[in-house]
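*Asks:* Mind having a look at this structure? Questions to follow.
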Amino acid sequence: MTPFPAAPPFALRARLLSPVTDGTTLDVMDGLIEVDQRGRIATVGAWPGAEAPASVIDLRPMVVMPGLVDLHVHLPQIPNAGLGSGLDLLTWLDRYIFPLERAYDRSVAELQAPSAFRAFAAAGTTTVVAYAALWEDSTDAAFAAAEEHGIRAIIGKVMMDRITYDTDIARNEILERSLRQSDDLASRWHGRDDGRLRYAFTPRFAVSCTAEMLRESAALAAHHGAYWQTHLSEDAGEITEVRRHFPDARDYLDVYDHAGALGARTILAHAIHLSDREVARLVDSGSSVAHCPASNLFLSSGMMPLGAYRAAGIPVGLGSDVAGGPELSLFSVMRAGAVTQRVLELSGRADPSNATRPSDWIRLASLEGARALGMDGEIGSLEVGKEADLIAVDPRLTTPLPGDDPRLDADDVFSRLIFRPHPNMVRGAWVRARLLAGPPSFDGIG
């Protein structure tokens, strides 16, 4: 067994595959990537032969790629992944999710969050944007687990003051307490470890929040320079409820716009059923969308017209949306997204000229996810100067028979990873060149 390097500096020899900021794809069959003492990428290029550094870890035939960015996760819901398929969103929340989140206190978070972050790393996810539960103490525990593990994490305490599972407080006290606790959490955690940990103010969605909650949470996010995340236009029943609660709004997005919540640090999950006006306003505001195709199919919510949104200029990344999505792996999410887009094209509901290739899905899961967070100058691709958020993937595990030709082009390798993902194919993951913990088989090369 050859151990992976645990901390910088180090140099790896492997095939290098990555989206690049200029829109191209890096593909170096026999490559060298060097990471300096600061955990930043110092060299990316072809294997230099005799001029190679003296100490190099040879990972061939593995592929080194940028770590993946999951823009939408619910930490308390992970134990329920795969339960409740076919239910509509609001019924599913009442039956499966609110009871689980209600129980997510500090003791549960301290037990589950470390395992969750290990599982994300083992799936190739090095950046997680997560919802916790309503409770301040368990959100604090989730942050502590992320700090210890080493994953890059943006987390927020869920905020709900219209519909809520917090039955231990008077209704007229919920708003003030939720705002105060969220403010305190942001003060403690936003920007921790030189920005590896950040805070997201997290009103669940317009159905469960008053206009004041939306407005005041957005103001706090602006005050802290933090993120603001919620759900948008996921399900027909949800949209109907939003119209009922906000009859003066032009549409669903207008509710958030009136709250002053749109902007470059806003992450809106799902956004399936948008009007042309909403699409234009998202582009104009610079707000980002977390596309969650596996969840959209699992809960029969709908099929997002990804190609049209990207063509319009909406910043889009990917989200697993566990437990609405049944799997943590963004490779599986990419497969669900690719299938969805093929269905839209075959049914005449999507322009084939906007079709996505395998390399597009990898870009969405890495560099575009980083761009949605305003972090594409720091992570998301294998480019000199960026922080070394990397994964090592063994493509041999995706082949149907031993001995298949490993000399596939980049799109074919990506296609195998997306359509034949193996649960053990991610063999190592680093954030700032520090090896993240995962299951035992994940810590070295067997």
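*Asks:* Take Glu51, Glu176 and order them by how many other Cβ atoms sit within 10 Å, fewest up front. Provide the component values of the computation, followed by the final result.
*Replies:* Values: Glu51 7, Glu176 11.
So the ranking, lowest neighbour count to highest, is Glu51, Glu176.
*Asks:* Then there's this: For Glu51 and Asp412, what does the FRET efficiency come to when R0 = 30 Å and r is the distance between their Cβ atoms, rounded to the nearest 0.05?
*Replies:* 0.50
*Asks:* Then there's this: Shape verdict for the range 108-229, please, from the Cα gyration tensor: rounded (a/c under 1.5), prolate (a/b greater than b/c) or oblate.
*Replies:* On the way: a/c = 2.08, a/b = 1.60, b/c = 1.30.
Prolate, because a/c is 1.5 or more and a/b exceeds b/c.
*Asks:* Still on this structure, please answer the following. Using Cβ counts within 10 Å as a stand-in for footprinting exposure, how do Ile272, Ile314, Ile169, Ile163 rank, fewest first?
*Replies:* Least to most surrounded, the residues fall as Ile169, Ile163, Ile272, Ile314.
*Asks:* Tell me, what ³J(HN,Hα) does each residue in the range 407-420 have, in order and in whole Hz, if you take phi through Karplus 6.51 cos²θ - 1.76 cosθ + 1.60 with θ = phi - 60° and put x for Gly and Pro?
*Replies:* Using θ = phi - 60°, the values come out as 8, 7, 6, 4, 4, 6, 4, 4, 4, 5, 4, 7, 9, 10 Hz.
*Asks:* I'd like the projected area of the range 134-179, averaged over all directions, using the convex hull of its alpha carbons. Report it in nm² with one decimal. Could the numbers behind the result be given before it?
*Replies:* On the way: hull surface 14.1 nm².
For the range 134-179, the mean projected area of the Cα convex hull comes to 3.5 nm².
*Asks:* If you build the convex hull over the alpha carbons only and average its shadow over all orientations, what do you get for the range 68-372? Give it in nm² to one decimal. If you can, show how the numbers build up before the last one.
*Replies:* Numbers: hull surface 55.7 nm².
One quarter of the hull surface, i.e. the mean projection, equals 13.9 nm².
*Asks:* Using the Karplus curve 6.51 cos²θ - 1.76 cosθ + 1.60 with θ = phi - 60°, what ³J(HN,Hα) values do you get for each residue of the range 162-172, in whole Hz, with x for Gly and Pro?
*Replies:* Values, residue by residue: 9, 9, 8, 9, 8, 9, 9, 9, 5, 4, 6 Hz.
*Asks:* For the chain, modelled as a Gaussian network with Cα springs under 10 Å, which listed residue fluctuates most, Phe246, Phe331, Phe414?
*Replies:* Between Phe246, Phe331, Phe414, it is Phe246 that shows the largest mean-square fluctuation.
*Asks:* While we're here: Provide the FRET efficiency to the nearest 0.05 for the Asp284-Leu90 pair, computing r from the beta carbons and using R0 = 30 Å.
*Replies:* Working: r = 30 Å, r/R0 = 1.00.
That gives a FRET efficiency of 0.50.
*Asks:* Which whole-number percent gives the relative contact order of the range 295-446, counting Cα pairs below 8 Å spaced six or more residues apart?
*Replies:* 21 percent
*Asks:* Rounded to whole Hz and in sequence order, give me ³J(HN,Hα) for the range 390-398 from the Karplus expression 6.51 cos²θ - 1.76 cosθ + 1.60, θ = phi - 60°, writing x for Gly and Pro.
*Replies:* Per-residue couplings from phi come out as 10, 9, 10, 10, 9, x, 4, 6, 9 Hz.
*Asks:* Using the 10 angstrom Cβ neighbour count as an exposure proxy, how do Asp251, Asp168 rank, fewest first?
*Replies:* Lowest to highest Cβ neighbour count: Asp168, Asp251.
*Asks:* Around Leu134, which amide H atoms from residues at least 5 apart in sequence, or from another chain, sit under 5 Å from its own amide H, with H modelled in the peptide plane?
*Replies:* Val158
*Asks:* Any chance you could check the Cα centroid distance between the range 227-248 and the range 281-340 for me, in angstrom?
*Replies:* 17 Å
*Asks:* Answer rounded, prolate or oblate for the range 291-388, using the Cα gyration tensor with square roots of eigenvalues a ≥ b ≥ c: rounded when a/c is under 1.5, else prolate when a/b is larger than b/c, else oblate.
*Replies:* Taking the square roots of the gyration eigenvalues as a ≥ b ≥ c, the range 291-388 is oblate.
*Asks:* Still on this structure: Compute the separation of the alpha-carbon centres of the range 363-431 and the range 104-146 and state it in Å as a whole number.
*Replies:* The two parts, judged by their Cα centres, are 24 Å apart.
*Asks:* Taking amide H positions as placed in the peptide plane 1.01 Å from N, state which residues far from Val316 in sequence (5 or more) or on other chains have amide H under 5 Å from it.
*Replies:* Val289
*Asks:* If you wrap the range 362-424's Cα atoms in a convex hull and average its projection over all directions, what's the area in nm²?
*Replies:* Details: hull surface 20.3 nm².
If you wrap the Cα atoms of the range 362-424 in a convex hull and average its projections, you get 5.1 nm².
*Asks:* Pull up all non-local amide H partners of Gly324: gap of 5 or more, or a different chain, and H-to-H distance under 5 Å with H placed in the peptide plane.
*Replies:* Result for Gly324 returns nothing.
*Asks:* State whether the range 209-346 is rounded, prolate or oblate according to the following rule on the C-alpha gyration tensor (a ≥ b ≥ c being the square roots of its eigenvalues): a/c under 1.5 gives rounded; otherwise a/b larger than b/c gives prolate, and the remaining case gives oblate.
*Replies:* Judged from the Cα gyration tensor, the range 209-346 comes out prolate (a/c at least 1.5, a/b above b/c).
*Asks:* At a threshold of 8 angstrom on Cα-Cα distance, excluding pairs fewer than six apart, so keeping six or more, what relative contact order does the range 68-372 reach in percent? Present the calculation step by step, with values, prior to reporting the outcome.
*Replies:* Working: 615 pairs, mean separation 62.5, N = 305.
Computed over the range 68-372, the figure is 21 percent.
*Asks:* Taking the Cα atoms of the range 1-146, what is the range of coordinates along each of the three principal axes, in descending order and whole Å?
*Replies:* Over the range 1-146, Cα extents along the principal axes are 62, 31, 31 Å.
*Asks:* Around Ser366, under 12 Å between beta carbons, what's the net of Lys plus Arg minus Asp minus Glu among the other residues?
*Replies:* -3
*Asks:* Restricting the count to DSSP beta bridges whose residues both fall in the chain, what percent are antiparallel, rounded to a multiple of 5?
*Replies:* That works out to approximately 45 percent antiparallel.
Throughout, read-outs are computed from the coordinates displayed, never taken from laboratory work. All values derive from a computational prediction rather than experimental measurement. Cβ sites come from the backbone with ideal geometry, for glycine too, and all protein chains shown count toward neighbours.
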